[in-house]
Amino acid sequence: MSNIRDRDSSHAIPYIKELERIALNLLRKNPNNKEKLKEILEDYASRYAREYNIRA
Amino acid sequence: MQADTRENIILELENIGCLKRLRIEFKPGLNIIKAPNASGKTTLIRGFSCMFSNRIPPSHLLALDELNGRIRVHYNGRIYEKTLRRTPSGQVIAHGDMLPFADPRAFDACVALAETGVVHRITGGSSVFRKYLEELSYGNYYSAVINASQELINEYSRKLAGPSFKNFEELPLLLTELTDLHIRRDQTQQEIEKSKSGHEAELQGIREEIEKKSSSLSKEEAYLSQLTRSLSLEKEREEQLQELLKLTDGSSEIAANIRRGIKSSRENQERIETEIKTQTQLVETLKRDLKTLRDSLKKKEAEGPHGLEDLERRLENIKKMIVLKEEEIQRAERFPPDDAEYPGKLVVDVRSEILRKIEWLDKVTGYFQEKYMRRMTNARHRFNSNVTKAFQNLGLKGFENVFLDQDFMLHVMREGSIQQPVETLSASEKLTISIILMLAAKETFLPNFPFFIVDELTLSYDPERFWRIMNYIKRRVPYVIVTSLTSSLTDKPEVIHKP
């Protein structure tokens with residue numbers, strides 16, 4: 001338990017905190033809005049792919 | 001006690017289920033709603049629950065023969081009202097307030113209706129309890145993100161396994177095949193050149209031979225002419241000698257010399273004739289040879305180099321295959337201009353973009369899985385702790401503890417640490433455990449929610465144990481509402497209050 005609590009991988013994942021806030025807000029309003037959730041994830045994934053390519 | 005400091009709550013229902021009009025008052029403590037069968041006890045609970053949860057659909061609330069209905073709650077000096085309206089299409093729309101402590105999870109954690117599957121929850125296996133705690137701890141939000149992320153990863157992976165990307169994966173092989181074709185083309189071209197030059201050399205050889213033979217023939221023909229001339233001269237000489245012999249005395253020395261001269265001339269003629277014969281044969285042989293060589297030259301010139309047609313056909317085929325292979329490579333490298341998703345884009349770029357997306361989604365999945373696990377482990381520990389506390393405080397005979405293991409499997413421990421399978425419990429024991437687990441869920445996840453409602457679960461219940469549990473709940477929750485079947489003649493639910 002303590003090992004799990006101490007671990008925080010968020011720093012290694014771009015936009016994760018922003019995504020978490022937006023996704024949880026969306027689900028709080030409508031827990032079944034799967035399509036919108038996928039749309040949000042897709043947008044962030046595309047952004048990551050774009051920015052990663054620029055860096056590369 | 002906290003419950004005593006709170007004010008009464010008034011619930012008014014109008015055209016809800018079988019209840020035309022009802023006004024009922026709940027006081028802090030235990031409120032027992034007594035009514036006969038089918039007189040609206042469950043309807044009342046459902047109507048009230050829609051003021052703090054949206055779990056019951058409005059169409060299940062409004063009386064079937066009515067167009068409008070109303071639920072009103074007087075709470076904490078304010079009136080909260082919800083209206084129900086049936087549209088011309090038959091749809092029922094709810095509109096209005098929710099109580100300030102409304103929470104979508106309250107129905108599952110604080111309302112024990114038979115229809116909420118309260119007993120099924122303990123007999124339904126680990127997946128049912130996992131889902132229950134997921135929803136109460138909001139772990140379902142994390143699992144929703146995990147599932148959505150996984151679905152996207154699967155969609156992208158399916159895309160990468162599609163024909164366009166499959167061809168792209170074959171690109172190295174296609175390029176190798178193209179290189180092989182180029183090598184074969186060059187080799188065939190070399191073979192053609194070699195064949196042509198070989199043929200030309202052969203023709204040149206024949207031409208040189210013809211030239212040589214022609215030259216020899218000319219020489220031999222000239223020599224033959226010379227021999228023929230010599231023979232004529234020799235014959236003329238013999239004729240002259242014969243004429244001269246006629247003029248001389250046959251017995252003279254001169255005649256003898258002339259005769260020797262004639263003899264010599266004849267011998268010469270014979271020699272020359274023999275030589276002419278041989279020379280003629282030689283000339284004929286040379287002419288035949290020359291003809292043979294010229295015929296051969298003509299034939300070889302007409303035939304051309306040996307196997308050239310096959311080689312040129314082969315070269316043509318290889319060139320066609322190169323064109324096809326280059327087209328195939330182009331298709332593998334780039335999406336067609338009319339592609340719906342990636343028109344004209346390089347496959348390598350799109351593939352790389354998709355792989356980057358999967359990489360990010362994988363990280364996101366891992367992050368949310370970690371959070372989910374942390375949340376669910378924490379929820380289970382807190383829940384187990386509250387269950388243990390309830391069993392200890394209630395001191396129910398026969399039970400030592402009930403808990404969820406790490407796989408969310410429910411374990412019922414009898415006294416002496418003997419585990420009993422849930423399915424083998426009596427109906428009354430299953431109800432007891434169900435209500436205690438529900439109370440633990442409420443205390444874990446909705447500690448400030450002021451109600452705990454139990455509807456008609458007393459049918460197969462040990463009354464002594466039931467009221468013991470209700471009294472325990474009453475000490476922990478401000479308002480406890482319990483419905484109970486009665487054989488009284490009254491047609492409306494009545495509330496008996498036990499502070």
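Confirm whether B:D349 is out of contact with any helix residue (DSSP H, G or I) (no Cβ under 7 Å at 6 or more places or on another chain), within 30 Å of A:D43 (Cβ to Cβ) and either surrounded by 15 or more Cβ atoms within 10 Å (Cβ to Cβ) or among the charged types (D, E, K, R) (or both). Can you show your working first?
Values: out of contact with any helix residue (DSSP H, G or I) (no Cβ under 7 Å at 6 or more places or on another chain): yes; within 30 Å of A:D43 (Cβ to Cβ): yes; either surrounded by 15 or more Cβ atoms within 10 Å (Cβ to Cβ) or among the charged types (D, E, K, R) (or both): yes.
Here the answer is yes, as B:D349 does meet what is asked.
Failed condition for B:R314, given (1) under 26 Å from the mean Cα position of the chain (by Cα); (2) at pLDDT 95 or above; (3) not hydrophobic (A, V, I, L, M, F, W, C), with all others met?
Exception for B:R314: condition (1).
So which residues in the range B:50-66 are under 12 Å from B:G17 (Cα atoms) and not small (G, A, S)?
Within the range B:50-66, the subset under 12 Å from B:G17 (Cα atoms) is B:58-66.
Answer for the range B:50-66, where residues must be under 12 Å from B:G17 (Cα atoms) and not small (G, A, S): B:P58, B:H60, B:L61, B:L62, B:L64, B:D65, B:E66.
May I ask you to verify whether B:A390 is away from chain A (no Cβ under 14 Å), on the phi < 0 side of the Ramachandran plot and of a type in the set (G, A, S)?
Values: away from chain A (no Cβ under 14 Å): yes; on the phi < 0 side of the Ramachandran plot: yes; of a type in the set (G, A, S): yes.
Against the criterion (away from chain A (no Cβ under 14 Å), on the phi < 0 side of the Ramachandran plot and of a type in the set (G, A, S)), B:A390 qualifies.
What pairs can you find where one residue is in the range B:286-300 and assigned by TED's automatic domain parsing to the domain that holds B:K219, the other is assigned to a helix (DSSP H, G or I) and of a type in the set (S, T, N, Q), and their Cβ atoms are less than 8 Å apart, with a gap of 6+ or different chains?
Once the first residue is assigned by TED's automatic domain parsing to the domain that holds B:K219 and sits in the range B:286-300, its partners that are assigned to a helix (DSSP H, G or I) and of a type in the set (S, T, N, Q) give B:L286/B:S216; B:L290/B:S214.
Just one of B:E275, B:E209 is surrounded by 15 or more Cβ atoms within 10 Å (Cβ to Cβ), within 30 Å of B:E312 (Cβ to Cβ) and more than 60 Å from the chain's Cα centre (by Cα); which is it?
On the way: B:E275 fails: within 30 Å of B:E312 (Cβ to Cβ).
Exactly one residue qualifies, and that residue is B:E209.
Does the range B:67-84 hold any residues that are over 17 Å from B:R23 (Cβ atoms), aliphatic (A, V, I, L, M) and not in a loop (DSSP other than H, G, I, E, B), and which are they?
B:L84
Residue-by-condition table, conditions (1) in the same structural domain as B:L315 (by TED's automatic domain parsing); (2) touching a residue at least 12 places away in the same chain (Cβ under 8 Å):
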residue	(1), (2)
B:V111	no, yes
B:R130	no, yes
B:S137	no, yes
B:Y142	no, yes
B:P163	no, no
B:K196	yes, yes
B:K212	yes, no
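The values are calculated or read from the model by the stated rules, or taken from the named source; none is laboratory data. Computed from a prediction, not measured in an experiment: that's the story for all the values here. All Cβ positions, glycine included, derive from the backbone under ideal geometry; neighbour counts span all protein chains shown.
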